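Here the structure comes first, spelled out in structure tokens, and everything after it is commentary.
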Amino acid sequence: MEPGNGWYYTGIVKGFQAGVGNDPLALAKVMCDSYMEGCEAAGTADQATLSVTDLRKLPQLRDAYENMGVEAMAAASQAPKPFFSRYAREAEQTTNFGGNTRDTGFTNMIDMGDFAKRTADLLPDTASKVQQALANAVLYDAASNSYRILGAREGLNEEGAADRNLVKLKPGDTVTTQQYMMHDGKAGYEGRMADIDTFQLSENFQIRDTKLKDGTYAYVFDFITPTDDTAMSAMAFYEIKQGEVTTYVAKQ
């Protein structure tokens, strides 16, 4: 699934002018990079994934993937419920493409490498071999060359389902950052979303990661059903001090 804005031929022509025509791999890289450049200009780069693949390596990749399926079936036969619960959870969290919601339709396309990485401990004999076969087959991944903040995810819809598609951020958008504020009361953990800062994105805005400062941080999982039933996990803490991280879980 790729954006339909087409090839950016200017970059390909420049590649030929630079003399890459006699090197198939170099030419393929130029084609990938120029396509991504065109997607950036068209505002569709968040949807684009393009790689250079060695077709001679695909049989090995197919065999590795099929062997992973054999191991999955064997593991499922031993403990069906826990296996499929974990397997489905990892599949749901794996990077996916093309839209996989009721609103956008279901392509059922996920990132094979990401899925194999997530299930490495669940399928220890074969998942790593899929990752290796994939690395051997993919000679160049244009989409992984740059780090981009794509946008924000929308919340739950009226049916209680979350849309995994991103709403792309653009200059002029007003953004409000939020934190979940809570305290440990007698009746358990109670909290609310609190607005921290509101600002408008400038023409050349940038969003970058930053290192956490020394201190004690915490997170908790809040499970909410479509009927608004809730359940909250124990709070997990991690303390950062001079680059060292210590974790512990609060007793309930």
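The values are calculated or read from the model by the stated rules, or taken from the named source; none is laboratory data. What you see is a predicted model, and the numbers here were worked out from it, not measured in a lab. Methodologically, a virtual Cβ is constructed for each residue, glycine included, from the backbone with ideal geometry; neighbour enumeration extends over all protein chains shown.
So which residues in region 233-252 are touching a strand residue (DSSP E or B) at 6+ places or on another chain (Cβ under 6 Å) and either on the phi > 0 side of the Ramachandran plot or not in a strand (DSSP E or B) (or both), if there are any at all?
Ala234, Met235 - these are the residues of region 233-252 that are touching a strand residue (DSSP E or B) at 6+ places or on another chain (Cβ under 6 Å) and either on the phi > 0 side of the Ramachandran plot or not in a strand (DSSP E or B) (or both).
Only one of these conditions is not met by Phe106: (1) among the aromatic types (Phe, Trp, Tyr); (2) under 26 Å from Gly4 (Cβ atoms); (3) at pLDDT 95 or above. Which number is it?
Every listed condition holds for Phe106 apart from (3).
Going by what's in this entry, would Asp23 be described as over 30 Å from Leu122 (Cβ atoms), in contact with a Gly (Cβ under 9 Å, 6 or more places away or on another chain), not assigned by TED's automatic domain parsing to the domain that holds Asp114 and not hydrophobic (A, V, I, L, M, F, W, C)?
no
Hey, could you check region 2-45 for residues that are closer than 18 Å to Tyr140 by Cα and in contact (Cβ under 8 Å) with a residue 60 or more places away in the chain and say which is surrounded by the most Cβ atoms within 10 Å (Cβ to Cβ)?
Of everything passing the filter in region 2-45, Tyr35 is surrounded by the most Cβ atoms within 10 Å (Cβ to Cβ).
Could you say whether any residue in region 171-193 is within 30 Å of Thr246 (Cα to Cα), among the acidic types (Asp, Glu) and either part of a strand (DSSP E or B) or modelled with pLDDT under 70 (or both)?
Going through region 171-193, the residues within 30 Å of Thr246 (Cα to Cα) turn out to be 177-193.
Checking which are among the acidic types (Asp, Glu) leaves us with 184, 190.
If we keep only those that are either part of a strand (DSSP E or B) or modelled with pLDDT under 70 (or both) too, we end up with 184, 190.
So far as region 171-193 goes, yes, one or more of its residues are within 30 Å of Thr246 (Cα to Cα), among the acidic types (Asp, Glu) and either part of a strand (DSSP E or B) or modelled with pLDDT under 70 (or both).
Quick one: Glu239 ticks every box in (1) at pLDDT 85 or above; (2) in contact with a Leu (Cβ under 9 Å, 6 or more places away or on another chain) except a single one, so which number is it?
Condition not satisfied by Glu239: (2).
Matching residues to (1) within 18 Å of Thr126 (Cα to Cα); (2) part of a helix (DSSP H, G or I):
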| site | (1), (2) |
| --- | --- |
| Val52 | no, no |
| Ala64 | yes, yes |
| Val70 | yes, yes |
| Met73 | yes, yes |
| Lys81 | no, yes |
| Ser85 | no, yes |
